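Down below is the structure, laid out as structure tokens.
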């Protein structure tokens, strides 16, 4: 592989302590992801998908193991530095959208820019471009309540793109959508990947997983299979 | 700047959660409003009393001795009849006493044809003019002849004169006081309303002898005003007066005085005391109400954080630091508190003005309560916002998105 590694995880363990009871959720996971890769992580519930997502998204620290994101060792960073990494390098897409209620699509997409160290020049144009990119250029002033589920999820995709992140981390992005809207969202991800964006989709839906180039199966906190998807077609 | 952007997010948060915002302002609003009203009543009372002192024409060399036990203007009994002209004569005989003015006093209705008004009618000796340093602008003051002959003449203050005669000249006219006709011989110089609404011009003066035998038909006095030759004699003279009065009134060694003194010093002391008591009350009330207001803010904010847990999670995901979240919620609580403070100050100002307007209580609006309101609500917002804001910031980001 010649492409540089965006994500390099080595033997990650994660243990939760709950009322004195220790639960080992991740048991030595190693993944490396190339720039421009398209990965889906599948597995039954309780396999540790969400925990892995938390660690990949720099929202929590692993109990042991190393995590290098875009060449930066994440394990030892403090809240400030982690916040910067989340802001600059990761774009999140959630199952439940998590848009700010009552706030226009435009301002929702603008939100990550609030937490940049410096507000970039031409922020407004960037937001407009991002919304155009997901086909919502005409709905910028609408609040989440005035948008359909599919449209809301497209707003979150625009929001995840606004800071030009290294990876897009999508947690069950189609979970709250009907199959038609879900398919549209996945098509959007396919296009983004074909433009060179690194995408990680976490799902338990095999149809969704089949969109990716590489499929990791997680079971009981371990990766049980890591296969290249033969049906993957570069769109 | 990051700080301003967090402030902007906070304001947006408040706008989107209007019901919560309103509820949060309520407590502070009521607290600050009551604070403002209480301060203005306190100031009003103080200035009323101070005005009273200056309008009583007290110099440092004079004092009054009033009939009846009690303190200052607050007699314990209304019908003490022990003070007589004999007392006044005995006091006049003391060394270092310059002027002695015995007085009787009653509120009475005075009538000119169809016009009438109620005013304070004083029976005084002619020395009153000198003792008060207050003369007539028209006509003449009461003289010794009026006194000796118990003549039915009256000197009007500006207020009753205006009420009975309007712009017309009252001198030489006959008016009725109660059932007795009097001739107006003089018009007192106008002093004007004091700041607190006390009207020194609302009075009429008649010879003491006339009031005793023809109008009030009583021999006991209401009070005696004593002017000494020099302020340094006041204390000694008061001691002498006490002796004379106790002796004349036949009080045993164990009995309490049946009279009381009004001195500028006594009034000042009373003002200071009541002010201190008022300030203590004020402190207590405002502390309690602001504490309650603060707790309201804290609780609503804590609930609001639970409602907005996803918002916090998403903000954290997209790069908000703990400090950003803390700042946002702290700004919300400070702003809400300031808003409540401002609304409370306006409400308090309105109430104070209304109290004054409808003559219910003397109030005086000063800047202090508004500055206090600003400072206090700032502090309340900061203190009671800290816990919820930190709680929001320390939420585990991955748990907030479940």
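Please verify whether residue B:331 is touching a residue at least 40 places away in the same chain (Cβ under 8 Å), more than 14 Å from chain A (Cβ to nearest Cβ) and part of a helix (DSSP H, G or I), treating the condition exactly as stated. Here the answer is no, as residue B:331 does not meet what is asked. Screening the candidates A:227, A:159, A:213 for the property of being within 22 Å of residue A:56 (Cα to Cα) and surrounded by fewer than 14 Cβ atoms within 10 Å (Cβ to Cβ) yields one hit, A:227. For residue A:145, are the conditions met, namely being farther than 30 Å from residue A:5 by Cβ, out of contact with any helix residue (DSSP H, G or I) (no Cβ under 7 Å at 6 or more places or on another chain), surrounded by fewer than 20 Cβ atoms within 10 Å (Cβ to Cβ) and within 14 Å of chain B (Cβ to nearest Cβ)? When the stated conditions are applied, residue A:145 passes them. For segment B:374-383, indicate whether the set of residues that are within 14 Å of another protein chain (Cβ to nearest Cβ) and either part of a helix (DSSP H, G or I) or crowded, with 17+ Cβ neighbours inside 10 Å (or both) is non-empty. Checked against the condition, which is being within 14 Å of another protein chain (Cβ to nearest Cβ) and either part of a helix (DSSP H, G or I) or crowded, with 17+ Cβ neighbours inside 10 Å (or both), segment B:374-383 yields no hits at all. Only a single item in (1) under 30 Å from residue A:175 (Cα atoms); (2) without any contact (Cβ under 8 Å) to a residue 60 or more places away in the chain is not met by residue B:371, and it is number (1). I'm checking my understanding of the structure. Among residues of segment B:306-321 that are crowded, with 19+ Cβ neighbours inside 10 Å and in a helix (DSSP H, G or I), which one is farthest from the other protein chains (Cβ to nearest Cβ)? Applying the filter and picking the extreme gives B:312. Listed conditions (1) crowded, with 23+ Cβ neighbours inside 10 Å; (2) over 18 Å from residue B:320 (Cα atoms); (3) within 9 Å of chain B (Cβ to nearest Cβ) are all met by residue A:154, apart from (3). For the subset of segment A:90-103 comprising residues that are on the phi > 0 side of the Ramachandran plot and crowded, with 21+ Cβ neighbours inside 10 Å, which member is nearest to the other protein chains (Cβ to nearest Cβ)? The residue in question is A:98.
The residues of segment B:352-373 that are in a helix (DSSP H, G or I) and surrounded by fewer than 22 Cβ atoms within 10 Å (Cβ to Cβ), listed by number, are B:353, B:354, B:355, B:356, B:357, B:368, B:370, B:371, B:372. Just one of the listed residues (A:86, A:80) is at pLDDT 90 or above and surrounded by 22 or more Cβ atoms within 10 Å (Cβ to Cβ), namely A:86.
With respect to the conditions (1) in a helix (DSSP H, G or I); (2) under 30 Å from residue B:306 (Cβ atoms), residue B:395 falls short on a single one, namely (1). Residues in segment B:166-177 that are more than 32 Å from the chain's Cα centre (by Cα) and either part of a loop (DSSP other than H, G, I, E, B) or buried (at least 19 other Cβ atoms within 10 Å of the Cβ) (or both): B:167, B:168, B:169, B:170, B:171, B:172, B:173, B:175.
For segment A:32-89, residues that are outside any loop (DSSP other than H, G, I, E, B), more than 25 Å from residue A:219 (Cα to Cα) and within 14 Å of chain B (Cβ to nearest Cβ) total 11.
Could you go through segment B:336-346 and let me know if any residue there is more than 45 Å from the chain's Cα centre (by Cα), buried (at least 23 other Cβ atoms within 10 Å of the Cβ) and modelled with pLDDT of 90 or more. Checked segment B:336-346: no residue is more than 45 Å from the chain's Cα centre (by Cα), buried (at least 23 other Cβ atoms within 10 Å of the Cβ) and modelled with pLDDT of 90 or more.
For segment A:104-124, filtered to residues that are facing another protein chain (nearest Cβ under 8 Å) and touching a helix residue (DSSP H, G or I) at 6+ places or on another chain (Cβ under 7 Å), the residue that is surrounded by the fewest Cβ atoms within 10 Å (Cβ to Cβ) is A:119. Would you confirm, using the coordinates I've provided, whether residue B:252 is surrounded by 14 or more Cβ atoms within 10 Å (Cβ to Cβ) and either out of contact with any strand residue (DSSP E or B) (no Cβ under 8 Å at 6 or more places or on another chain) or more than 29 Å from residue B:369 (Cβ to Cβ) (or both)? Considered against the rule, which asks whether it is surrounded by 14 or more Cβ atoms within 10 Å (Cβ to Cβ) and either out of contact with any strand residue (DSSP E or B) (no Cβ under 8 Å at 6 or more places or on another chain) or more than 29 Å from residue B:369 (Cβ to Cβ) (or both), residue B:252 comes out as no. The requirement of being without any contact (Cβ under 8 Å) to a residue 60 or more places away in the chain, in a strand (DSSP E or B) and either buried (at least 17 other Cβ atoms within 10 Å of the Cβ) or in contact with a helix residue (DSSP H, G or I) (Cβ under 9 Å, 6 or more places away or on another chain) (or both) is not satisfied by residue B:110. Report whether or not residue A:129 is without any contact (Cβ under 8 Å) to a residue 24 or more places away in the chain and over 26 Å from residue A:232 (Cα atoms). For residue A:129, the condition - without any contact (Cβ under 8 Å) to a residue 24 or more places away in the chain and over 26 Å from residue A:232 (Cα atoms) - is met.
The values are calculated or read from the model by the stated rules, or taken from the named source; none is laboratory data. Keep in mind it's a predicted model, so treat the numbers as computed, not measured. Reconstructed Cβ throughout: ideal geometry from the backbone, glycine too, with neighbour counts over all protein chains shown.
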